[in-house]
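Reading through the structure tokens given below for one structure.
The values are calculated or read from the model by the stated rules, or taken from the named source; none is laboratory data. Note that the coordinates shown come from a computational prediction; the quantities given were computed from them, not determined experimentally. Cβ placement follows ideal geometry from the backbone for every residue including glycine, while neighbour counts extend to all protein chains displayed. Quick note on the areas: whole protein, heavy atoms, side chains included, nothing else; ligands and nucleic acids left out. Shrake-Rupley method; radii C 1.70, N 1.55, O 1.52, S 1.80 Å.
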Amino acid sequence: MNTDQTSFSRDEENQNVWLSKKNAHTITLTDHGITPTILNTEAEVGQAMLNELYATAEAKEGEINIALLGGRGAQELHRLLGKLAETGEKDELLGRLNVFTQDALAPMGMANGFSFVRDFERILGDAFFRKIKSFTPMQTDTEDLESALVDYLNKLEALGGLDIFFIGHGPEQNQASHLAYIKPFSGAKPHHMAGLIPISSSILEHHISKFKAGGSVVNEHDETECRSAEYILTLGPAAIIQAKKVVQSVVDADSAPAKVKTYAKVLNSPISNDSEEALQQLNANPGLWIRLNPNTKSFVLPNLGV
């Protein structure tokens, strides 16, 4: 794709493609640390995430732009939102929401049961999608994934960026981690808004296992198509750093025990004041990107061991 005709430029490193604003300002790497809030149950985590949405709604007039978290991390939040949509109790709030997805496997049919879109529909319910202002998923069923991703970013920018980036924490080898699906050594830089990353077997296994553990409705055909995906579409570091609020939830350490060590490493790894050394740290362990947003909440369960 030729991105010269758009407001985004294209960087490529080891087959990882990253898109960034052509007029992007230099982003200062300031480590704000991370302070986890330990809650007793997934239900409490879901309510805490919902309370963050309520707080944003009270502090801001007009539309609210959020990126949904897929998999186990935010399912309790999604159940609460689905119930609210059925009651009509929060229709005014729902009508203000511009909802975006934050990552996706591609190419893959949008109807695939391993698509986050299908999982969102299953838990959030029809009433939620009827009542929100807009829903913008990453398109995974097109021959030109880059063009579709640029369209997605243009819409997000036109709406003013993310008010809340709901995010998780994914384990990687060597006690590293990913955020959204920014992978270790994928070359992500602070100004990168989104990227297309070659897929790995570890990502596919993690993705499939967490969908099955979360109760997604899937079948053999869906799993076969999912395993043939070649790329991950993901929001990038700039989207995390520039979001007005980042709300992280980590609830599945029992089914993904590697998270105990990988989250601890993010928690206990200050980012260097030397910019080059900091970039090397972030490239090796992208879970650290969350430390650079000054307004981050991290809700976890006791099984994370922090």
Cα gyration tensor of region 157-306 - equivalent ellipsoid semi-axes, whole Å, descending:
24, 19, 16
Rounded to the nearest 5, the percent of antiparallel DSSP beta bridges in the chain equals 50 percent
The answer for the net charge of residues other than GLY95 whose Cβ lies under 12 angstrom from its Cβ, with Lys and Arg +1 and Asp and Glu -1, is +2
Per the 1/(1 + (r/R0)^6) rule, R0 = 51 Å and r from the Cβ atoms of ARG122 and HIS25, FRET efficiency to 0.05 is 0.80
Quote the relative contact order of region 85-128 in percent (integer), defining contacts as alpha-carbon pairs under 8 Å separated by 6+ residues.
38 percent
Just want to confirm a number: the relative contact order over region 55-200, from Cα pairs under 8 angstrom separated by 6+ residues, in percent.
26 percent
Report in % the part of the accessible area of the chain that belongs to carbon and sulfur, leaving out ligands and nucleic acids; probe 1.4 Å.
47 percent
The chain -> Rg/Rh from Cα coords, Kirkwood Rh, value 0.93
Excluding residues fewer than 8 places away in the same chain, name every one of the lysines whose C-alpha is closer than 22 Å to that of LYS60.
LYS90, LYS131, LYS133, LYS155, LYS244, LYS245, LYS297
At a temperature of 4 °C and a viscosity of 1.567 mPa s, determine how fast region 213-301 diffuses translationally according to Stokes-Einstein, using the Kirkwood radius over alpha-carbon pairs as Rh; express D in µm²/s, rounded to the nearest whole number.
83 µm²/s
Going toward the positive end of the dipole of the chain, with +1 on Lys and Arg Cβ and -1 on Asp and Glu Cβ, which of THR37, THR140, MET108 do you reach last?
THR37
Would you mind checking the radius of gyration and Dmax of region 149-199 based on alpha-carbon positions, in Å?
12.8, 39
Might you tell me the accessible area per residue for region 1-104, computed with a 1.4 Å probe and given in Å²?
49 Å²
Compute the separation of the alpha-carbon centres of region 245-278 and region 116-176 and state it in Å as a whole number.
22 Å
